[in-house]
Amino acid sequence: MTAAVAQPSMDDELESVSALAQVAPDFAGIYQEHSKAIFYLCLRMLGEEARAEDATHDVFLKAWRHRDNFEGRSSWRTWLYRIAINHCRNLKQTWAERHISTTDDEFVLQNTVPDTESPLRVLEIKELGERIQATLERLPDEYRMLLLLVADEEMSYDEVAALTQQSSDAVRGKLHRARKAFAAEFRKTE
Amino acid sequence: MKKQQVKFQPRQQTQEELDESQTLKKAEAAREFASAEEVLRFDAEGIEVPAEVEERLAESIRKEAPPPEGSGGWWRKMFL
């Protein structure tokens with residue numbers, strides 16, 4: 001007696017494919033590959049998960065609407081980051097959250113402790129997200145964005161420079177100050 | 001000579017031992033990062049995009065996308 005092998009029905013196969021893959025098969029792969037990076041940038045730029053969810057949705061919807069304009073001169077990642085950065089900036093302006101930007105370069109450098117070589121110690125991993133958010137919010141927007149972009153290992157300095165419309169040398173210089181500022185502010189959150 | 005009575009008592013942890021065990025527990029969770037980027041990478045690894053975002057995106061695209069060719073619109077073919 002041969003055992004009956006259950007063949008997956010067409011309905012089962014459709015269910016196993018994501019809703020996005022059903023409506024936009026070519027775009028679903030792009031979402032799968034880059035959504036985590038875009039969501040993380042939005043989360044740390046906007047500071048709230050619900051806002052980051054909305055922003056991620058809006059960024060990918062904009063990208064889908066304008067996908068024909070993507071000329072391949074940059075990577076999808078860079079293009080999506082550009083949309084995300086502009087979107088987050090617009091949102092923050094709309095929410096009148098600009099008061100945070102009182103943390104200009106001078107302020108940060110004045111408050112930077114000299115001991116920045118020692119490692120950043122974290123005792124409670126569960127609190128890490130809150131500490132990172134609190135730290136990033138104390139930094140100028142540009143520092144915050146540069147750190148988030150450079151932390152993405154898929155982004156080169158040159159790509160970050162192109163994305164933020166400045167030279168690679170300028171990025172390196174600002175990153176040096178951004179790292180120091182981050183370390184100083186991070187220690188204050190202990 | 002009176003025999004000293006020794007009562008068995010379950011050994012209780014001293015405050016010092018409790019403190020030490022708390023410190024060890026914290027040390028297990030402790031982690032050191034060499035740079036800001038390392039902290040952010042570690043943080044990002046633990047973040048997942050909620051599935052609702054993809055579902056909402058699919059729904060938004062479905063509303064905007066033209067219907068696939070050959071689906072529906074039979075009446076259109078009839079009259080055009």
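Please treat every number below as a calculation from the coordinates, not as lab data. Keep in mind that what you see is a predicted model, and the values were worked out from it rather than measured. Using ideal geometry, Cβ is built from the backbone for each residue, glycine included, and neighbour counts are taken over all protein chains shown.
Side notes on the structure shown:
- Stretch gain in nm, segment A:N86-A:E153, where the contour uses 0.36 nm per residue and the Cα spacing is subtracted: 22.0 nm
- 24 Å Cα-Cα threshold exceeded, pairs from A:K36/A:K180; A:K62/A:K174; A:K62/B:K63; A:K36/A:K188: A:K36/A:K180; A:K62/A:K174; A:K36/A:K188
- Neighbouring Cβ atoms from other chains, within 10 Å of the Cβ of residues in B:58-64, number 6 on average.
- Fewest-first sequence of A:F182, B:F33, A:F39, A:F70 by Cβ atoms within 10 Å of each Cβ: A:F70, B:F33, A:F39, A:F182
- 10 Å Cβ neighbours from other chains, averaged over peptide A:54-65: 3
- For the residues of A:18-26, the average number of beta carbons from a partner chain within 10 Å of their own beta carbon is 5.
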